[in-house]
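Presented below is the structure to which this report refers.
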């Protein structure tokens, strides 16, 4: 496993990072980066030089970014020089190129030093770290995939729709043949059967993880420690403490960790959010009913005495964490974190919940959940308020939002129907998610990232409480208890 | 208020009641009547006479009943004599006629004594009490109504469909003009503005109570104490201890108390019960979703700052006890008493729950409730199992029971559609309920009565726990606490 805070030249080095947060605030920029973790910038010059450094950085923030491969870094150094042509910087010492190819790469990439020198060769400052979170670059993010299931295919297809943000760089599978087959399907040339090898690739900047739930934590931890952004399929981890640890690691390594909740990025969910919270079409909220119950063909395996991963305690499975997170996330994104929650499961032969009903308790209303992989429902999502009911076709892939007036019963369609992205499972549409996550990373939208982090933390706490309250305990609960 | 165990001649005196319960059991009759409460029969004869009395009663049980007005009692005494013409009974002393008309009746009706004499004028036994529960008579039950709302009209209309069981005898209202108007609407000649007066009427055998919830207890208590059968609209009482007291009183006075849950008497509910519990069309049960949420026009009054009875704490109102009892009753009737339950209400300006969501917890599944008088839902009732889902149009007035196969999604209608009774609100159809309650009283079906009692006790315990757990407390909760 890569050590913490490893440095290699593939990371984006955003000069803004050494500008103090107070200065950023004065500039009206609300980003609050923890510069103590972001960069170790040594300024060995006098006060004047320091002041100069601040100005340089301030200008550079708007003008240039050091990014990408050694070649690109070199060229972008040129752009910095060009952009600040009248400044006192005359040279930079670019970082060393990577020492090995992906298949032979060391797990400890070479350290990166970028020194900015004044005309008299006295150092202005030297960047001695690599791990930086944000960038104003529009360069697409080279990413790898972990997992070769349909959801990974969906992710890749979505990324292909957003080539300005994402570029598939490599795929990982424990099995070389699986990796090769999957890579070939997606015109990808680089495969890895070792995570160490994958993460040693200096080009690689992000990893999409869609492995079985119980593997998420260790894989994400390794990726974050290696300084890669991580998009982690839901449920991010088995326990909330594991997720806390991953977010801690992401900050320590100045990379982004995002849980892949696609549905709250969808156009019509955002529209619904606005209708409820800004337009107040319902008036005060009186509650919601959020069903997500659909028979899974893998439940047939359970009935046949098998234990598919998603129905396995060891793999962190069950209906709540697999499909229940959609309505839980929907509720938390729409109404905030509940005061408390409860869950009454139907435990199947494998020991997990094949289904269950539950309630999220808010200050003056409840949200009813009905989640299942063992039966199906015909009920739709409903949100209740003083003025009426919003009837929505589901928590995901929203194509209809009907307002039903409480008194008159009159109905009115409020969805932006023209903006619905068509969804054909199993290739679900992740385009809105992929676009937004790419934007957050590329634009360095710390506020948006922070909101997603808070959402993920709230959701795992809710589902963990529901799950443990119902006596559904994973092996991870022992190691990562409350 | 009438004293406990008052006696008057209008009660049916079923001779079977003095036959010991052991004898009834030997006869294969499963009725278990508490004869110590049923009758005080003094047999002041020798062993031979006692034995004879037993035989007489055994025969009389199948042959005759003393019932109705003094005139009818007299004529039926004749029939007893005719039926047992060869016996040793030569005379009976019929009870005194009522001393006053309904409007001037004493609150303590005259005591009733029926003495059976042998030829030598030695008494065989004397009946000294009036209150008897069951009868084999097919004579329709003269009943009064308390309450003049639409639900009372529905009850009367239903009774009119079952004239062999019920006959409207009198109506009660605090206001004479209301009583007179209501009585005229239903071709009823007798009105009362005092409960004492109503209950002193010796012809009256049963009372249908549909007053505001908070009045149910004291009114039912008075009716039962006066020896009248009571059909009590749901919710029977505000607290479970109140209901316990009413059932105790009903036994003490050997009359029947039935809570008017019409929906579980409906043909298609009974059909559904059979499908789920006998035919096992779903296999093992995995849960249910039972919505009963419909905007009430009286919630408009609440929004306008008023406090209609059904939204008043003082009157024992709120969505849970008003409409929530339907799904709760549905669940308890179908699945039995839950292990535990919870409720998350939306409290409105008057302090009661205008709506709420909750869960009933069973051994390996949960039942989700969604009840409201402040919003409407489009969701239907669903019951889930291993083999699929039963989709039902509602908890009441069931006209459709669709089985949806879990795997194939194929649908099949299972309701007895031809047997659905048409329902036109506000005149809801109570015919099946009215027919069954009449049958229980007239046939003396103690087993059916007992089942209804257990159901009512379970339901009030569930709703009381949900309500108190959610902090919704009535004045009655102070006096009749847990």
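Observations, loosely collected:
- Leading residue by the ranking (farthest from residue A:226 (Cα to Cα)) among those in the stretch A:182-196 that are touching a residue at least 24 places away in the same chain (Cβ under 8 Å) and surrounded by fewer than 19 Cβ atoms within 10 Å (Cβ to Cβ): A:185
- Output for the stretch B:343-360, where each listed residue is touching a residue at least 24 places away in the same chain (Cβ under 8 Å) and crowded, with 24+ Cβ neighbours inside 10 Å: B:343, B:344, B:345, B:346, B:352, B:353, B:354, B:355, B:356, B:358, B:360
- Among the criteria (1) touching a residue at least 24 places away in the same chain (Cβ under 8 Å); (2) over 18 Å from residue A:200 (Cα atoms); (3) surrounded by fewer than 22 Cβ atoms within 10 Å (Cβ to Cβ), the one residue A:173 does not fulfil is (2).
- Residue check, residue A:363 more than 8 Å from chain B (Cβ to nearest Cβ), surrounded by fewer than 24 Cβ atoms within 10 Å (Cβ to Cβ) and modelled with pLDDT of 95 or more: yes
- Residue check for residue A:356: more than 7 Å from chain B (Cβ to nearest Cβ) and at pLDDT 95 or above: no
- Filter pass, residue B:287 being within 12 Å of chain A (Cβ to nearest Cβ), at positive phi and surrounded by fewer than 17 Cβ atoms within 10 Å (Cβ to Cβ): no
- Residue, farthest from residue B:346 (Cα to Cα), within the stretch B:388-419, restricted to residues that are facing another protein chain (nearest Cβ under 9 Å) and outside any strand (DSSP E or B): B:407
- Members of the stretch B:377-386 that are over 22 Å from residue A:390 (Cα atoms) and at the interface with chain A (Cβ under 9 Å from one of its Cβ atoms): B:384, B:385, B:386
- Residue B:273 surrounded by fewer than 19 Cβ atoms within 10 Å (Cβ to Cβ), touching a helix residue (DSSP H, G or I) at 6+ places or on another chain (Cβ under 7 Å) and modelled with pLDDT of 95 or more: yes
- Flag if residue A:220 is within 13 Å of the chain's Cα centre (by Cα) and in a helix (DSSP H, G or I): yes
- Residue check, residue A:306 more than 14 Å from chain B (Cβ to nearest Cβ) and over 18 Å from residue A:452 (Cβ atoms): yes
- Checking each residue in the stretch A:251-268 for being more than 13 Å from the chain's Cα centre (by Cα), crowded, with 22+ Cβ neighbours inside 10 Å and at pLDDT 95 or above picks out A:253, A:254.
The values are calculated or read from the model by the stated rules, or taken from the named source; none is laboratory data. Note that this is a predicted model, so its numbers are computed, not measured. Quick reminder, even Gly has a Cβ in these numbers, built from the backbone with ideal geometry, and neighbours come from all protein chains shown.
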